[in-house]
Amino acid sequence: MKFYHITEPPLKIYGLAVADRERRQFWRLNRQIMDRMPQYEFLGKRCVGGRIRFRTDSADFCVRMTLAQAKEDVNIPLSGSAGADVYLGRGMESVFLGYVAPQEHVIEEITAEKLFHKNSRMETVTVNLPRNDHLLSMEIGIDESAHIEEAEEYTFAKPIIFYGSSITEGGCASRAGNAYTSIVSRWMDADYYNFGFSGSARGEKEFAQYIGALPEPGAFVYDYDHNSPDPQHLADTHEEFFKIVRQAHPEIPVIIMTRPDVEGDKDHAAERRDIIRRTYEKAVAAGDHKVWFLDGGRFFGDNGRAECLVDGTHPNALGFMRMAEILYPVLKEAMK
């Protein structure tokens, strides 16, 4: 086989701020924001939300990746915490092909590779990068006689920005492509950035400014109330965060969401929901017609709600699918 490093054309990397082959750095945040906000130092170096995209007529192709470690996550299998998964096609026609992941938990550098099989016609391939563990290298191998070319641009080339909690980050999806952020963006054939941070995203003014400084996104979706230590903190930060992003990007759709898991303490969840809804209501009252509110308590439906969660908080594949089914038509309408 002939191999291409993911930093080599015609392969394209999406969803990352840093892609440095020599330094073995594939990060979703840049060095500057992590220096200013050291609470994001480890999580910002995760490649979650990153994707590799290309087209090939190779009937067999290999994905080989090296991770800094494959640390155990009590709620996520290795396929989800340290795995990269592969899809063929675009949009709603995308088909899951399989995943590659280490076969054991280790606190040291580890390499995993897998051979994938498809038709020998030219097809678009998307590789979703792992959620938890830091990527050090990845290569794509194709048959010696096969061709590889740059993939078509996304239908929605201006990226959706997702900001929120560990749920936004993809916990506890069984693989990278099962997170609601990945599902919705795949269905829409949209580029995106995943700024979900386990326990760390707390509506900081400085991170709102970071989002505001990004080149014009296609939409902004946010929900970080799980990470707010209490309702007062949420009330003190939520509307201000929205205003900073809105001032920087006055024309983009903004989707404001609340947590999906509400059974644990319904009164507490309702208090937080009302705080978040007020941000939406004030924006509408001020004449903002490009803002939407989604009550997360609706995401899992009425039946089988407990089956949507792993640990009472984080969704599994079923929970993420139900979230995506609610968000998708709203986002599609907002971005058309």
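Here are some notes:
- Hits in region 51-81 - residues which are among the small types (G, A, S), open to solvent by less than 20 Å² (accessible area, probe 1.4 Å) and more than 22 Å from the chain's Cα centre (by Cα): S58
- Scanning region 190-244 for residues that are open to solvent by 10 Å² or more (accessible area, probe 1.4 Å) and assigned to a loop (DSSP other than H, G, I, E, B) yields S198, G199, S200, R202, E204, L214, P215, E216, G218, P229, D230.
- Residue match in region 316-333 (condition: touching a His at 6+ places or on another chain (Cβ under 7 Å) and in a helix (DSSP H, G or I)): no
- Among the residues of region 292-305, the ones that are open to solvent by 40 Å² or more (accessible area, probe 1.4 Å) and either in a helix (DSSP H, G or I) or touching a strand residue (DSSP E or B) at 6+ places or on another chain (Cβ under 7 Å) (or both) come to 2 in all.
- Yes/no for R277 being surrounded by fewer than 21 Cβ atoms within 10 Å (Cβ to Cβ) and either closer than 17 Å to K205 by Cβ or touching a strand residue (DSSP E or B) at 6+ places or on another chain (Cβ under 8 Å) (or both): yes
- Selection of first residues in region 1-25 that are closer than 14 Å to T66 by Cβ and open to solvent by less than 40 Å² (accessible area, probe 1.4 Å) and of second residues that are of a type in the set (G, A, S) and not in a loop (DSSP other than H, G, I, E, B), restricted to Cβ pairs under 8 Å at least 6 apart or on distinct chains, gives the following pairs, ordered by first then second residue: H5/S137; I6/A19.
- Among residues of region 81-105 that are over 16 Å from R186 (Cβ atoms), those with a Cβ under 6 angstrom from a residue that is modelled with pLDDT under 95 and assigned to a strand (DSSP E or B), sequence gap 6+ or separate chain, pair up as S81/D73.
- Summed over region 82-103, the residues that are among the acidic types (D, E) and surrounded by fewer than 20 Cβ atoms within 10 Å (Cβ to Cβ) give a count of 1.
- Looking only at residues of region 258-272 that are open to solvent by 80 Å² or more (accessible area, probe 1.4 Å) and not in a loop (DSSP other than H, G, I, E, B), we find that the one that is nearest to Y210 (Cα to Cα) is E271.
- Look at region 160-180: where a residue is under 13 Å from P260 (Cβ atoms) and open to solvent by less than 10 Å² (accessible area, probe 1.4 Å) and a partner is part of a helix (DSSP H, G or I) and modelled with pLDDT under 95, sitting 6+ places away or on another chain with Cβ atoms under 8 Å, you get G164/H226; G164/N227; S165/D225; S165/H226; S165/N227; I167/H226.
- Residue count, region 306-325 (criterion: open to solvent by 40 Å² or more (accessible area, probe 1.4 Å), of a type outside the set (S, T, Y) and closer than 22 Å to R272 by Cβ): 5
- Qualifying residues in region 109-136 (those that are open to solvent by 30 Å² or more (accessible area, probe 1.4 Å) and of a type in the set (S, T, N, Q)) - the one farthest from the chain's Cα centre (by Cα): S120
- Number of the condition not met by S185 [criteria: (1) buried (at least 23 other Cβ atoms within 10 Å of the Cβ); (2) touching a residue at least 60 places away in the same chain (Cβ under 8 Å)]: (2)
- I33 being hydrophobic (A, V, I, L, M, F, W, C) and in a helix (DSSP H, G or I): yes
- Between I255, I275, the distinction of being touching a residue at least 40 places away in the same chain (Cβ under 8 Å) and in a strand (DSSP E or B) belongs to I255 only.
The values are calculated or read from the model by the stated rules, or taken from the named source; none is laboratory data. If you're wondering where the values come from, they're calculated on a predicted model, not measured in any experiment. Please note: Cβ atoms are built from the backbone with ideal geometry, for glycine as well, and neighbour counts cover all protein chains shown. Note: areas computed on protein heavy atoms with side chains; ligands, DNA, RNA excluded. Shrake-Rupley method; radii C 1.70, N 1.55, O 1.52, S 1.80 Å.
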